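The values are calculated or read from the model by the stated rules, or taken from the named source; none is laboratory data. It should be emphasised that the depicted structure is a prediction, and the values quoted were computed from it without experimental measurement. Cβ: placed from backbone, ideal geometry, glycine included. Neighbour counts: every protein chain shown. Ligands, DNA and RNA are excluded from the accessible area calculation, which covers all protein heavy atoms including side chains. Shrake-Rupley method; radii C 1.70, N 1.55, O 1.52, S 1.80 Å.
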Number of protein chains: 4
Amino acid sequence: MTNEHRFTFGLWTVGNPGRDPFGDPTRAPLDPARSLHKLAELGAWGVSLHDNDLVPWGTSAAEHDRIVARFKSGLEQTGLGVGMATTNLFGHPAFKDGAFTSNDRGVRRAAVGKAMRSIDLGAELGAEVYVFWGGREGTEAGVAKDPRDALERYREAIDVLSDYVVDQGYRLRFALEPKPNEPRGDIFLPTVGHALHFITMLKRPEMVGLNPEVAHETMAGLSFVHAIGQALWAGKLFHIDLNAQRTGRYDQDFRFGAEDLKEAFLLVRLLERAGYDGPVHFDAHAYRNEDAEGVWDFAAGCMRTYAALAEKAEQFDALPEVQDALARASAGELGEPTTSGGDEADALKAEVEDLDALASRGYFNENLDQLVVDVLLGLR
Amino acid sequence: MTNEHRFTFGLWTVGNPGRDPFGDPTRAPLDPARSLHKLAELGAWGVSLHDNDLVPWGTSAAEHDRIVARFKSGLEQTGLGVGMATTNLFGHPAFKDGAFTSNDRGVRRAAVGKAMRSIDLGAELGAEVYVFWGGREGTEAGVAKDPRDALERYREAIDVLSDYVVDQGYRLRFALEPKPNEPRGDIFLPTVGHALHFITMLKRPEMVGLNPEVAHETMAGLSFVHAIGQALWAGKLFHIDLNAQRTGRYDQDFRFGAEDLKEAFLLVRLLERAGYDGPVHFDAHAYRNEDAEGVWDFAAGCMRTYAALAEKAEQFDALPEVQDALARASAGELGEPTTSGGDEADALKAEVEDLDALASRGYFNENLDQLVVDVLLGLR
Amino acid sequence: MTNEHRFTFGLWTVGNPGRDPFGDPTRAPLDPARSLHKLAELGAWGVSLHDNDLVPWGTSAAEHDRIVARFKSGLEQTGLGVGMATTNLFGHPAFKDGAFTSNDRGVRRAAVGKAMRSIDLGAELGAEVYVFWGGREGTEAGVAKDPRDALERYREAIDVLSDYVVDQGYRLRFALEPKPNEPRGDIFLPTVGHALHFITMLKRPEMVGLNPEVAHETMAGLSFVHAIGQALWAGKLFHIDLNAQRTGRYDQDFRFGAEDLKEAFLLVRLLERAGYDGPVHFDAHAYRNEDAEGVWDFAAGCMRTYAALAEKAEQFDALPEVQDALARASAGELGEPTTSGGDEADALKAEVEDLDALASRGYFNENLDQLVVDVLLGLR
Amino acid sequence: MTNEHRFTFGLWTVGNPGRDPFGDPTRAPLDPARSLHKLAELGAWGVSLHDNDLVPWGTSAAEHDRIVARFKSGLEQTGLGVGMATTNLFGHPAFKDGAFTSNDRGVRRAAVGKAMRSIDLGAELGAEVYVFWGGREGTEAGVAKDPRDALERYREAIDVLSDYVVDQGYRLRFALEPKPNEPRGDIFLPTVGHALHFITMLKRPEMVGLNPEVAHETMAGLSFVHAIGQALWAGKLFHIDLNAQRTGRYDQDFRFGAEDLKEAFLLVRLLERAGYDGPVHFDAHAYRNEDAEGVWDFAAGCMRTYAALAEKAEQFDALPEVQDALARASAGELGEPTTSGGDEADALKAEVEDLDALASRGYFNENLDQLVVDVLLGLR
C-alpha cells in the first residue's frame, strides 16, 4: 500500500538521538546501514541525508570513501533510493553568524565550498533534489546585518552553486527550505512566500524550487495548505518535508499527523490532486522519551497516517453529499475566469449595483467542513 | 521638523469610532473635512482613504459629486496631499466569501467593477499609489477553495485592473498589502514574501509593488525589518503602513512606537538609510477608551515617535563606538561579494579546511545591540 | 443519542449576525423564541444567555417583563433548560476602560449593579451557573492601571456579588471565564490558572468555580486538556465553553471539532472519564459566509462531533492494544504515590544512584499516540 | 550604582557554551571560580546555581567536597552571595518522561532524592531561595498522562520536600518556576497563574512562592507585568528571572532589555514601587555568535539596562505632566473601594442608569502611554 507514495526519511530523523537544549541524548547513535535495512522493511522508498549524517565532520578522505562505498552498497541491497541530499551548514561553530550570509567573508567562502563538496556527494548518490536550509542565515541583533546585503550574498551563493551544478553536468535541482526562526532569532527567507520570491531574483530560477516543511510554516501560524497551493501554482514544489507542529512553539518535528489532522488531510488531498510525484519526505523524529524500538513506531506511523489520509481524500471526493456541498459552495466556480478578456469596464462597473442582492446567499461552508470531519472520523 | 517625512493618516484611522467585535462605538463619526484641518494643524503631509470612507455605500451620484468637491476644496485649503487611495472590498456583506476570490463569479465581477470606480476617484484626487488589501480573500473551511484557483483569480483581477489604469492613462501604481489572517481564518498572500512572489506572476509586474504593514507581519511573529529589507531589495516598497502590534494576537493597530521600540528604531533606520521617499503612512487608531480629544494625542504621538527615531538613527550611526562595534561585527564585510566571479570551485572547496580556525572569532553583537538600547534610552 | 450530554448553546451563538471588525452583519437578527424551537428540534438540552441577549439595553420595565414572560413560555413549550446566565459588561461604551476594574468608580458601581439585576434575571430563569467573563478588565496602556489595584477591585466585585446571591437566597454558583486578550490588549485573569488562583483569594471560594473556554486557552497556545485537568483536580469545573480555535490568532469561536481533532478527543475523553455532569456548552458561531440555514448546520455539527468523540473515547479505552500500550507507558503507575508517607529521605537519596539504569527504558508514546490517531480515523 | 539592586547571575548563564538544537558549542566551558571573579568585578551581588552547574553528574564524593570548598572560598574572596539554588531535574536522560511526574515511580523517587541532596548543597551555600523548574514535567502525547494524576504527584513531591526542609531546620523558601512548553510539548504549571493556584493546594503554602521568568510568560504572549502584579498581590514573588524573549518562539533567554523596552520599563517600575527586595536575577545568556569576551558585554548590559530603567521609573513618576495624565486617567481612583461595605444593592442597581452618561469621558491613555515612550527615549 505504502510504496505508491515514495516515502522517504532523513538519516538524521530516525537517527535522532533525543538531545535537546535542556537534555542529553536518550538514544544511542544509529548506524546509517541499520536505518536503510529497517526503513526498507517498513516499506519506505528511500532516504535523504546531510553530508555529515553519513560522513562526520573531520573524516579523512580514505575513511570518507569507505563510508560512501558501504552506504551505496546498502542502498543497492535494500533497493532504496536517495530522495534528496543537502549540506550541513549549521552545526559547525564557524557558522554561528551565518553560512552564505555570515558577516565573515571567509566563512561564506568555506560555506560555498562545503556545499560544492556535498553536491558532489549528492550527485554520486543519485539524489534528485539538493536542498538548502539556511538555518543560520539570520540575526538576533538586527542591527548587525543589513537585510539587503544578506539577501544579495544569499543570491550570490545560490547562483554560484547553480553554475557549479551546470558546469559539472549534474542533473540536480535545488530546493530551498524556508523557516521563520530557530536557531536564529529571525531567519532570512522565513516563509514559502519569501523563498518563492527569492527564486525569481536568481540567475537560474528554472532550476530552483522549494522544499517547504509543515513545521516551519506552522510555527508562524501560516496555512501550510495555502503555502503549498502557491508553490504548486508557481510550479515550484520540488520536494516536501512532512511532520507535525503546534503554532507558536519551538521546532517540534513530530510524527506526521500527530497534530492537526484536518490540515494534514487537506494537505494530502491537495498533493494527491495536484499529482505531486516527488518524494514524500518525513523530516521528523521520535519523541525523546522513546527508546530505540519506539523510533520504528514513529516511522511506521508517519507512513500509515499519510496513506490513510490519501485514501480518505479519494473517498471524500467520491461522496455524493460532498459533491453536492461543493456545488452549493460554488467551489468549482472559482476555477472559472471572472472576466471575458474583452473590454468590460462599463459592464463591470454597472454590476456593482448587484452587490446588495449578492449578499444574501450562503456558502454552506459549515456543512462542507463538517463533511471533512465526518470522513476523517469515519462517520461516512 | 515633521514635514520632512511626508506623514499621512487614513481617514479611517483618525475617524475610527472605537467599535470592536465585543462593543459598540465609543466615539462619534468624524467629518473628513474636520480631519483634514486637524491633521494639517498637527503637521501631517497628507491623507489616504478608502472609497467608502469619503463616499458612503449607497450614496447617490449627485451627492457623490458634492462630497468629492467639498473634499477637494478641503485639500486645497489645507495644502494636504493624498498619499494613497484604495477600495473597500471587505465591509459589504456580499464580500463575505471574498472579493476577487469569492467563489461567486458575480461577486468577483462586482468587486472588480467597484475597484475600477474607486480607481477613478483615486486618480481624480491625485493619489500616487493605489492599495489593495484583500482582507476577505481567504478561507475558514479550507476545503471550500482550491488555493491554486484562488491565486489564479487574484492574478486575473489585478491584471485586469492594471490594464484599466493604463487604458485610462492614470499615473497610479498599485501596492498590495499582505496580511496572514483576520478577518478570514487564513488570508491568501499572507506575508510580504507571498505578495512579492505574486507580483512576479502578474502581467504588469513593473507597476505593482507592496504596502507592507507593521501589524500584519508582526501578528505572525515575522521580522518586519527583514520583510522591508526584502521589499527594498526587490525595488517594491511603494508605500508603508506604520503602527504597533504584539505577536500572536488580534489586529491591534496601535500608535506607532507603542510596542517594540527597538524594532521600530531598526525599521526607521532602514527606511531612512534606503532613502524611502514615499508617504510615511500611519494605519492605526486611538485606543477605544479615548474620547475625541485623545484621537489627536494618538496622531501626534505617531509622528513624534517616528521623527525622534529618525534622529536617533542618525545619531547612532555617527557615534564612534557604534562605528567600532559595526567593524568588529564585520557588518560592512557583508556588503562585499563572497566570490570573485571567476571559476573558484577548487579554491572554495579547499577553504572548507579553514572552518575550525574561523570558529573562534566573536561578532560582538551583544555590544552592538546594547549600543542600540543605549541610544534609544538616551544613555549616549 | 445527543440528549445524554446536556448540550447547550448561547442565544448569542446561534443568533450571531456575522458582524466583525471589518464588516457588516451578514445575517438578520434571530428571535430568541425561534432559537429555542430550532435548538430543541436539533436535540439540545438547553440555552444560555447574557441579560442583553434577551432584553436589549434600554428596554422599558414593562417591555422587559413581557420579553421574559414570553421567553419562559418558550422554555416551557420546548422543554429546554437554562444552563447558565451572565451579564454583558463589555458591549456598552461606558465599559471601555473596564467594568469591575474601570478606573472610574462610577462605572465600577454601575457594573456591579448591572450584574445584580442580571443575577435576578438568571435566578428567575432557573440558571444553575452564573458566568463572569471580564472581557474589558484589562489594559492596552499598561501604565494606566496598577495590576494589584485591579485585582483588588475585581475581588471586591465578586465578593459583593456572592454576598448578594447568598442574601437573596439564590442557588446560583459563579463561574469565572478567563481570556488572555481581545478585546483588551491584556486581560486580567488571562488563563485558567490565574482564575483558579484568584478564586482562592475570594471571600466565598466555595461558591466560585470556572467556565474555561477552548478558544481562550488555545489563543495563548496553552494546553486546554491540561487546564481542564487542573480545574477538575481543584474541583472547580462548574461549566465549560466548547468551540475551536487556532493558536496565536483573533478569537475565532469556530464549530467544536473544526480545529485540532486530537485535542478535542483528549478533552472529551477527560470530561467523560471525570464524570463532568454540567452543561456541555457551545460558545461558538457559524462562519460569517453562512446564511440563516447554515447556522443550524453549525449547531448540529458541534453536537455531532462531541457525541462521536465521546463514543470513540469509550472505544479507545476498551481496545486491548490501547490497554497494552498504556501499560507499557506506565500510565497507570502515575496514579500511585511516589513515597510511602514515612521518613524516607535516606532511601530516596540513595535511589539517585539508579538514574543511569532508569534512563534506558522507553515509554512507547509514539505507539500510544498513533493509536489515538488510528481510533480517530476509524482505522481500528 | 548597580549594587543597590542585588543583581545575580546563574552559573549556567555566563557559562552557557552556545550549544543549541542545531549546533555545537561555540564557547569553551567556563570555570565557576572565573565567573565569580568576573561577576564581582562587574558589580553583581551574587550568583545562583543548579547542583550540576557546580558539581557535574557522576562526581565522586571526595571530588564533590573539594569543588564545594573551592567554590565557598571563591564566594568569600569575592564577597558574592548565593541568591538561589536549584536542582537539575531535566538534563539526565532518565528524566525524559518527567521527574516528579515521570510515569515511572523509580524515576520519581530518584528525582525527589536528587532534590534533597541538592537542597543540602543549597543550604550549605547559604541560598535564600530554592527554585523548582519542572522542565520535563509534561507531555507530547497527551494521552500518556492523566493531568490530575500528574498534579497529584507534583504536589506530593513538593510536600515531601518542604517537610524535608523543615525537618532539617533549613531556612530555605521554595520558588516554583512556571513555563508553558519546551522542552516538553506542554508543561504542567504552564503560567504564573497555574503555579499560584498549585501553591494553594500544598501542605505548606506559606513556604512556597514563585520564580517567574520574563521569557516563559512571554513565549505564550501573556503580560509579564500583569503576572508579576498577581504574584505580588498574593505575596508570592520570592524570586524573579529576568531576560528578554519574543512571543511565540523557542525559549530565547536574551539579554534583559534586548526586546520590548516598554514592558521592561513597566516591570522594573512595578518591582521598584512594590519594594521587591529579593535578588534581581538574570537567567539569560550571550548570543551564540559571541566569543568568551562577549559574555561579559552581555552580563554588563543586563545590569546597565535594569539600572537605567529603574532611574527612568523614578523620573517618570516625578514628572508633573505624568501626574496630570495619571489623574486624568483616574489611575489613582482604581485604588479606592468600589462599594461602601454596607448593603448597597438598591443603590448600585439604580446607578446602572448612569451608564449612558459615564460613556462619554476619555481616559487619556494615548497621552499617558506616549509619556512612557517620551521618557524611555529621553525626550523628557
Problem set entry | A:LEU30 being buried (at least 17 other Cβ atoms within 10 Å of the Cβ), more than 23 Å from the chain's Cα centre (by Cα) and touching a residue at least 60 places away in the same chain (Cβ under 8 Å) | yes
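Of the residues A:GLY257, A:GLY221, A:GLY193, A:GLY229, which is touching a Leu at 6+ places or on another chain (Cβ under 9 Å) and not in a helix (DSSP H, G or I)? Lay out the reasoning, then the answer.
On the way: A:GLY221 fails: touching a Leu at 6+ places or on another chain (Cβ under 9 Å); A:GLY193 fails: not in a helix (DSSP H, G or I); A:GLY229 fails: not in a helix (DSSP H, G or I).
One residue alone meets the criteria, A:GLY257.
Suppose we filter D:TYR130, D:TYR154 for residues that are part of a helix (DSSP H, G or I), touching a helix residue (DSSP H, G or I) at 6+ places or on another chain (Cβ under 8 Å), open to solvent by less than 20 Å² (accessible area, probe 1.4 Å) and closer than 15 Å to D:ALA175 by Cα; which single one remains? Even if it seems obvious, please write down each step before you answer.
Details: D:TYR130 fails: part of a helix (DSSP H, G or I).
Matching residue, one of D:TYR130, D:TYR154: D:TYR154.
So how many residues does the range D:200-214 have that are open to solvent by 10 Å² or more (accessible area, probe 1.4 Å) and more than 10 Å from chain C (Cβ to nearest Cβ)? Give the steps one after another, and end with the answer.
We begin by selecting, within the range D:200-214, every residue open to solvent by 10 Å² or more (accessible area, probe 1.4 Å); these are D:200-207, D:214.
Narrowing the set further to residues that are more than 10 Å from chain C (Cβ to nearest Cβ) leaves D:202-204, D:206-207, D:214.
Summing the residues that are open to solvent by 10 Å² or more (accessible area, probe 1.4 Å) and more than 10 Å from chain C (Cβ to nearest Cβ) in the range D:200-214 gives 6.
For C:ASP291, state whether it is over 21 Å from the mean Cα position of the chain (by Cα), open to solvent by 10 Å² or more (accessible area, probe 1.4 Å) and facing another protein chain (nearest Cβ under 7 Å). First the steps, then the outcome.
Details: over 21 Å from the mean Cα position of the chain (by Cα): yes; open to solvent by 10 Å² or more (accessible area, probe 1.4 Å): yes; facing another protein chain (nearest Cβ under 7 Å): yes.
Criteria met by C:ASP291.
Scan the range A:34-68 residue by residue and report those that are open to solvent by less than 50 Å² (accessible area, probe 1.4 Å), in a loop (DSSP other than H, G, I, E, B) and over 30 Å from B:ALA350 (Cα atoms).
A:GLY43, A:ALA44
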Exercise. Mind checking whether some residue in the range D:169-184 is in a helix (DSSP H, G or I), modelled with pLDDT of 95 or more, open to solvent by 10 Å² or more (accessible area, probe 1.4 Å) and among the hydroxyl-bearing types (Ser, Thr, Tyr)?
Worked result: no
Problem set entry | Residue match in the range B:317-326 (condition: more than 14 Å from chain A (Cβ to nearest Cβ) and modelled with pLDDT of 95 or more) | yes
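This table checks each residue for (1) under 18 Å from A:ALA157 (Cβ atoms); (2) among the hydroxyl-bearing types (Ser, Thr, Tyr); (3) within 14 Å of another protein chain (Cβ to nearest Cβ).
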residue	(1), (2), (3)
A:GLY58	no, no, yes
A:VAL68	no, no, no
A:GLY74	no, no, no
A:THR78	no, yes, no
A:ASN88	yes, no, yes
A:HIS92	yes, no, yes
A:ARG109	yes, no, yes
A:GLY113	yes, no, yes
A:ASP120	yes, no, yes
Exercise. Between a first residue in the range B:152-169 that is within 11 Å of chain A (Cβ to nearest Cβ) and a second residue that is open to solvent by 60 Å² or more (accessible area, probe 1.4 Å) and outside any helix (DSSP H, G or I), which pairs have beta carbons less than 6 Å apart while being 6 or more apart in sequence or on different chains?
Worked result: B:ASP159/B:LYS203
Seminar exercise, completed: Taking the range A:173-196 and keeping residues in contact (Cβ under 8 Å) with a residue 60 or more places away in the chain and among the aliphatic types (A, V, I, L, M) leaves A:ALA175
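Keeping to the range C:92-127, report how many residues are in a helix (DSSP H, G or I) and not basic (Lys, Arg). Explain how you work it out, then say what you get.
Applying the first criterion (in a helix (DSSP H, G or I)) to the range C:92-127 yields C:93-97, C:105-124.
Narrowing further to those that are not basic (Lys, Arg): C:93-95, C:97, C:106-107, C:110-113, C:115-116, C:118-124.
Number satisfying all stated conditions: 19.
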For this session: Just give me the residues in the range B:215-244 being of a type outside the set (A, V, I, L, M, F, W, C), open to solvent by less than 10 Å² (accessible area, probe 1.4 Å) and more than 7 Å from every other protein chain (Cβ to nearest Cβ), in sequence order.
Result: B:HIS216, B:GLU217, B:HIS239, B:ASP241, B:ASN243
Problem set entry | Enumeration of residues in the range D:331-373 that are crowded, with 20+ Cβ neighbours inside 10 Å, on the phi < 0 side of the Ramachandran plot and facing chain B (nearest Cβ under 8 Å) | D:GLY362, D:TYR363, D:ASN365, D:GLU366, D:ASN367, D:ASP369, D:GLN370, D:VAL373
Problem set entry | Any hit, the range A:69-77, residues being among the hydroxyl-bearing types (Ser, Thr, Tyr), open to solvent by 10 Å² or more (accessible area, probe 1.4 Å) and at pLDDT 95 or above | yes
For this session: Considering only the range C:9-27, state which residues are more than 11 Å from chain B (Cβ to nearest Cβ) and in a loop (DSSP other than H, G, I, E, B).
Result: C:GLY15
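Criterion first (open to solvent by less than 10 Å² (accessible area, probe 1.4 Å), out of contact with any Asp or Glu (no Cβ under 7 Å at 6 or more places or on another chain) and more than 8 Å from chain A (Cβ to nearest Cβ)) does B:HIS197 satisfy it? Working first, answer last.
Numbers: open to solvent by less than 10 Å² (accessible area, probe 1.4 Å): yes; out of contact with any Asp or Glu (no Cβ under 7 Å at 6 or more places or on another chain): yes; more than 8 Å from chain A (Cβ to nearest Cβ): no.
No, not satisfied.
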Exercise. Which residue out of A:PHE95, A:PHE90 is open to solvent by less than 10 Å² (accessible area, probe 1.4 Å) and within 30 Å of B:ARG328 (Cα to Cα)?
Worked result: A:PHE95
Exercise. On the given criteria, is B:GLU263 assigned to a helix (DSSP H, G or I), within 14 Å of chain A (Cβ to nearest Cβ) and surrounded by fewer than 24 Cβ atoms within 10 Å (Cβ to Cβ)?
Worked result: yes
